[in-house]
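Let me begin by presenting the structure, written as structure tokens, before commenting on it.
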Amino acid sequence: MTPTKKPDAEKRNAEREAALTFVRMAKEKGLDLTGPDGLPKQFTKSVLETALDEEMAEHLGRAKHKKSKDGRAANTRNGTTAKTVVTDSVGPVRIEVPRDRDGSFEPVVVRKRQRRLPGVDEVVLSLYARGLTTGEISAHFQEIYGADVSRETVSRITERVVCF
């Protein structure tokens, strides 16, 4: 009879493997691993901007650079606005928040006028290191931010950020 791994040990192994992957990628691309603009801050920025882009795609009903079904769109993307948010462990992170022409886009992950994101690092880690299902990640966003992020949006976010 072989002993089975405990869930905590499996989680730690998954987190370690994810961390090793990101460290190797960062070194290959010449990115700083530590310091004020190190990998954790860059990674947090990438995840937040990806999540906001996917929220906008869900709001408009189509991906970036895709035409609407009838060829005409009543509402379209209208650039981005720079915003600095403060996280618990990586400090201030400057992100680009997408806008729409109607001004009807209400982001959930980083709300309008929100400047502090407590717990965002846990979300970042859970997206990659825990191996959670899309439903579990969606529930995690709800728990941390009180944000209703659909499973489909979570799936698109995780697919896009993996290419980071």
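The values are calculated or read from the model by the stated rules, or taken from the named source; none is laboratory data. If you're wondering where the values come from, they're calculated on a predicted model, not measured in any experiment. We place every Cβ from the backbone using ideal geometry, glycine too, and count neighbours over all the protein chains shown.
What pairs come up if the first residue lies in the stretch 32-61 and is among the charged types (D, E, K, R), the second is part of a loop (DSSP other than H, G, I, E, B) and surrounded by fewer than 17 Cβ atoms within 10 Å (Cβ to Cβ), and their beta carbons are under 7 Å apart, counting only those six or more places apart or on different chains?
Short answer, once both residue conditions are applied: D32/G38; D53/K64; E58/S150.
Being among the hydrophobic types (A, V, I, L, M, F, W, C) and at pLDDT below 70: is that true of V86 here?
Details: among the hydrophobic types (A, V, I, L, M, F, W, C): yes; at pLDDT below 70: no.
It is false that V86 is among the hydrophobic types (A, V, I, L, M, F, W, C) and at pLDDT below 70.
Checking D53 against (1) in contact with a Leu (Cβ under 9 Å, 6 or more places away or on another chain); (2) within 28 Å of G38 (Cβ to Cβ), which single condition isn't satisfied?
(1)
Give me the pairs: first residue in the stretch 97-115 and closer than 18 Å to V86 by Cα, second residue among the polar types (S, T, N, Q) and surrounded by 11 or more Cβ atoms within 10 Å (Cβ to Cβ), beta-carbon distance under 7 Å, and six or more apart or on different chains, which are they?
V97/T80; V97/T81
Please go through the stretch 33-68 and pick out each residue that is farther than 21 Å from V85 by Cα and surrounded by 14 or more Cβ atoms within 10 Å (Cβ to Cβ).
Just the residues of the stretch 33-68 that are farther than 21 Å from V85 by Cα, to begin with: 57-68.
If the condition is that a residue be farther than 21 Å from V85 by Cα and surrounded by 14 or more Cβ atoms within 10 Å (Cβ to Cβ), then A57, E58, H59, L60, R62 are the ones that fit.
So, in the stretch 69-112, of the ones that are in contact with a Ser or Thr (Cβ under 6 Å, 6 or more places away or on another chain), outside any loop (DSSP other than H, G, I, E, B) and among the aliphatic types (A, V, I, L, M), which residue ends up surrounded by the fewest Cβ atoms within 10 Å (Cβ to Cβ)?
V97
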